[in-house]
Amino acid sequence: MAAAQVLKVQPEASASRNKSRMTTLLAVSVALITVGAVFFVMAGALPTGTGADRSVPLMAPSLAHASVDHPAANVTISITSPSPDYQFAGPFDVALTWTTSVASSSGISLANLTENVSILNAYGEYLNRPSYSPLNISSVAANESMTLTLLDINPNLITQNVPIGLYTININATNSSGAVLASASVTVGHSVQTIVSPTQGVVLPSGNVTVGYTYAQVGVQTAEVYVFQVASNGSMTQIFSASVLNPLGFGTGSYVVSLTAGNYEAQISTFDGTVYSNSSVTFSVAPVSTPGQVYLNSTSSYSNSTAPAGIALNTFGTILMIIGIVIGLIVGFALAAGMRPRSAEANAPKAWEPAPAGTTGGEGAGAHECSICHTNFPDDAALEEHKKTAHNM
């Protein structure tokens, strides 16, 4: 029975737990509905429309950054030079001119404005110190101008040349509160285009002329070398051209051009897609000199058409040849005689020399001569001995 009672109590406990869970879920649902209703009421205060066209009014600008009484549209700055994408070569040297105007109804006085000029490179870095006084202008005039050099920009850059590249010149006009009322800017480029040979005004001989060039420019799209012939009336005729484009933006080289007498202009021209930049030199080619008479300089190369004693050269040469032949024959015979073998007679003793023993004949022979074989002996004893041994006498 006890076991039956336990089985009867368990279903009642499970039902109690389920009821508790449903009560909790109902409370959470009511809370969520309440929160949603609050957001719905708040959303009704927002303007209608999609997110793309819904707008919220901006707050009024602070007087520290803009002038409510003198909006920027009342002041205008216009840069008249340099022109956009102006290219300069060598040190930074740019003539800057601009105008500043104010609307007549604005109540703004130019004398109460301050303008500041700044120069930035292609990386957004200032070349000048932002507060450098020579580039700050008080009591602005309607027309302003200045020549921007490295000395004007920053004294620390006096001995430096700015790199090849693009530079932006900014002009800002501010009021006494420091608010910017107007601004203008122009981008200029530092590039190099140079004809290195021939030099300006040189006079060259006719023939081959070397035209040398060098250039460097950011964003260059075309680079050409030209040679023009210049007529007496100033008109030019192109006689040579060559493309020297290097996509890296710089190049150097030379060409050899055959030119006749006349006046010429050599030119290097580059184009960056907006502005053409060029450099040129003028030179002359002289005609070949052809005088009517040609003189022979007898001091540098001497020649004589006669031999000594007034004998003609051909005759004198013949005489020398004959003399040479005779001398050659004499020397030849003398050498040949010395090389011939000597005969028996040549070897015989002379009349004043005694005949050697065992010899026969010859001049002076007979004093001790054998009567049979006619051999000469130096004395009688030798002769007698000879007769005994040779002839058994």
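The values are calculated or read from the model by the stated rules, or taken from the named source; none is laboratory data. Fair warning: this is a prediction, and the values are worked out from it, not measured in the lab. Reconstructed Cβ throughout: ideal geometry from the backbone, glycine too, with neighbour counts over all protein chains shown.
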Residue within region 78-85 that is modelled with pLDDT of 85 or more, small (Gly, Ala, Ser), assigned to a strand (DSSP E or B) and within 30 Å of ASP272 (Cα to Cα) present:
yes
Residues of region 117-167 being at pLDDT 75 or above and of a type in the set (D, E, K, R), which ones?
GLU125, GLU144
Would a scan of region 192-213 turn up a residue that is in a loop (DSSP other than H, G, I, E, B), modelled with pLDDT under 95 and farther than 30 Å from PRO287 by Cα?
no
Among VAL275, VAL281, which is the only one that is surrounded by 10 or more Cβ atoms within 10 Å (Cβ to Cβ), hydrophobic (A, V, I, L, M, F, W, C), at pLDDT below 90 and touching a strand residue (DSSP E or B) at 6+ places or on another chain (Cβ under 7 Å)?
VAL275
Restricting attention to region 287-323, and to residues there that are touching a Ser or Thr at 6+ places or on another chain (Cβ under 7 Å) and under 29 Å from GLN200 (Cα atoms), which single residue is modelled with the highest pLDDT?
PRO287
Of (1) surrounded by 12 or more Cβ atoms within 10 Å (Cβ to Cβ); (2) at pLDDT 55 or above, SER371 satisfies all except one. Which?
(1)
Number of the exception - THR274 against (1) part of a strand (DSSP E or B); (2) in contact (Cβ under 8 Å) with a residue 40 or more places away in the chain; (3) among the polar types (S, T, N, Q):
(1)
Is it true that VAL162 is β-branched (Val, Ile, Thr), in the same structural domain as ASN278 (by TED's automatic domain parsing), touching a Phe, Trp or Tyr at 6+ places or on another chain (Cβ under 7 Å) and farther than 19 Å from LEU259 by Cβ?
no
Top-ranked residue in region 174-191 [being at pLDDT 90 or above and within 44 Å of the chain's Cα centre (by Cα); ranked as farthest from LEU113 (Cα to Cα)]
VAL186
